[in-house]
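Remarks on the structure that follows.
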């Protein structure tokens with residue numbers, strides 16, 4: 001049995017044994033290529049989450065009616081990607097063995113790989129849905145194969161062709177887009193075609209990875225690598241609502257860097273999305 005974190009996300013204060021979803025933080029940003037700071041996201045979100053309500057007027061649901069466990073932040077080795085990913089994989093593996101859904105709060109996007117490693121062991125037919133501004137399909141970045149810029153390429157190493165579905169993509173090297181045409185499904189700029197992909201994925205195990213920089217910087221400036229031309233909160237919320245009909249066996253939210261938005265708008269948005277996603281998962 002795991003002990004719940006003393007300071008939890010609002011509405012996530014149930015005991016481990018009674019909970020179906022396990023929220024935990026992965027405060028790691030050591031491969032950040034532009035502006036660091038995502039390692040502070042989960043701790044700041046816990047504090048700021050008490051500025052929102054547990055009730056969602058979008059769904060007429062309340063977190064107080066669910067059983068959700070907040071396991072706190074993992075203690076990850078700063079500067080050592082291999083060690084950090086191994087620790088994440090071990091934690092997610094334990095959560096899965098207890099028949100619970102892991103929901104990881106990054107951290108930079110590279111942390112996704114640790115979770116995918118564990119989940120793919122339990123679900124060999126794993127498919128991945130990625131909402132993101134960036135392709136993240138580089139073979140390596142400055143020699144680092146476990147970079148946040150290479151995380152989806154490393155996930156592809158595990159799941160293979162035609163099992164990764166990207167939406168909102170608007171940044172990447174030419175070689176990444178060319179490689180993607182042969183190996184993954186990439187939708188640029190928006191969520192066009194999501195309904196068709198959802199129909200295709202029904203009945204399959206799905207890992208959902210949400211890089212918050214898919215949002216336009218006008219709504220979400222608090223991120224390390226902002227990209228203009230992103231989606232709105234309403235568009236993202238609607239896309240996640242549609243996605244929630246699938247068999248989501250694990251998920252993450254990453255790339256909030258609170259320090260770059262002193263207004264607190266970005267953190268508040270991330271907290272609201274966390275609440276909405278948790279409620280969407282309650283089918």
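The values are calculated or read from the model by the stated rules, or taken from the named source; none is laboratory data. Quick caveat, the model's predicted, so the values are computed rather than measured. Note that each Cβ is placed from the backbone with ideal geometry, even for glycine, and that neighbours are counted across all protein chains shown.
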Original post:
In the range 226-246, how many residues are in contact with a helix residue (DSSP H, G or I) (Cβ under 8 Å, 6 or more places away or on another chain) and either outside any loop (DSSP other than H, G, I, E, B) or under 22 Å from residue 73 (Cβ atoms) (or both)?
Top reply: 9
Subject >> Every residue from the range 56-87 that is more than 20 Å from the chain's Cα centre (by Cα) and either within 15 Å of residue 121 (Cα to Cα) or assigned to a strand (DSSP E or B) (or both) >> reply: 56, 61, 62
Subject >> For residue 162: the one exception among (1) out of contact with any strand residue (DSSP E or B) (no Cβ under 6 Å at 6 or more places or on another chain); (2) modelled with pLDDT of 95 or more; (3) farther than 29 Å from residue 203 by Cβ >> reply: (3)
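Yes or no, residue by residue, for (1) in contact with a helix residue (DSSP H, G or I) (Cβ under 8 Å, 6 or more places away or on another chain); (2) buried (at least 21 other Cβ atoms within 10 Å of the Cβ); (3) within 20 Å of residue 183 (Cβ to Cβ); (4) touching a residue at least 40 places away in the same chain (Cβ under 8 Å):
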| site | (1), (2), (3), (4) |
| --- | --- |
| 85 | yes, yes, no, yes |
| 96 | yes, no, no, yes |
| 108 | yes, yes, no, yes |
| 116 | yes, yes, yes, yes |
| 131 | yes, yes, yes, yes |
| 147 | yes, yes, yes, yes |
| 157 | no, no, yes, no |
**OP:** For residue 267, state whether it is part of a helix (DSSP H, G or I), in contact with a helix residue (DSSP H, G or I) (Cβ under 6 Å, 6 or more places away or on another chain) and crowded, with 20+ Cβ neighbours inside 10 Å.
**Re:** yes
Original post:
Does the range 141-152 include one or more residues that are within 23 Å of residue 89 (Cβ to Cβ), part of a helix (DSSP H, G or I) and within 14 Å of the chain's Cα centre (by Cα)?
Top reply: yes
Original post:
Of (1) modelled with pLDDT under 95; (2) within 21 Å of residue 155 (Cβ to Cβ), residue 84 satisfies all except one. Which?
Top reply: (1)
**OP:** Collect the residues in the range 159-191 that are assigned to a loop (DSSP other than H, G, I, E, B) and either touching a residue at least 12 places away in the same chain (Cβ under 8 Å) or closer than 15 Å to residue 211 by Cβ (or both), keeping them in residue-number order.
**Re:** 161, 162, 163, 170, 172, 173, 184, 189, 190, 191
Subject >> Scan of the range 249-260 for residues that are surrounded by fewer than 20 Cβ atoms within 10 Å (Cβ to Cβ) and either in a loop (DSSP other than H, G, I, E, B) or touching a strand residue (DSSP E or B) at 6+ places or on another chain (Cβ under 8 Å) (or both), ordered by number >> reply: 249
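More than 17 Å from the chain's Cα centre (by Cα) and either in contact (Cβ under 8 Å) with a residue 40 or more places away in the chain or part of a loop (DSSP other than H, G, I, E, B) (or both), is that true of residue 33? Steps first, answer last, please.
On the way: more than 17 Å from the chain's Cα centre (by Cα): yes; either in contact (Cβ under 8 Å) with a residue 40 or more places away in the chain or part of a loop (DSSP other than H, G, I, E, B) (or both): yes.
So residue 33 fits the description; yes.
Identify, from the list 44, 22, the residue that is modelled with pLDDT of 95 or more, crowded, with 16+ Cβ neighbours inside 10 Å, in contact with a helix residue (DSSP H, G or I) (Cβ under 7 Å, 6 or more places away or on another chain) and not in a helix (DSSP H, G or I). Spell out the reasoning first.
Values: 44 fails: not in a helix (DSSP H, G or I).
Just one listed residue meets the conditions, 22.
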Original post:
Can we say residue 53 is at pLDDT 95 or above, touching a helix residue (DSSP H, G or I) at 6+ places or on another chain (Cβ under 9 Å) and part of a loop (DSSP other than H, G, I, E, B)?
Top reply: yes
Original post:
Is the range 45-66 home to any residue that is touching a residue at least 12 places away in the same chain (Cβ under 8 Å), under 16 Å from residue 256 (Cα atoms) and touching a strand residue (DSSP E or B) at 6+ places or on another chain (Cβ under 7 Å)?
Top reply: yes
**OP:** Could you please find all residues in the range 88-140 being under 30 Å from residue 174 (Cα atoms) and in a helix (DSSP H, G or I)?
**Re:** 109, 110, 111, 112, 113, 114, 115, 116, 117, 120
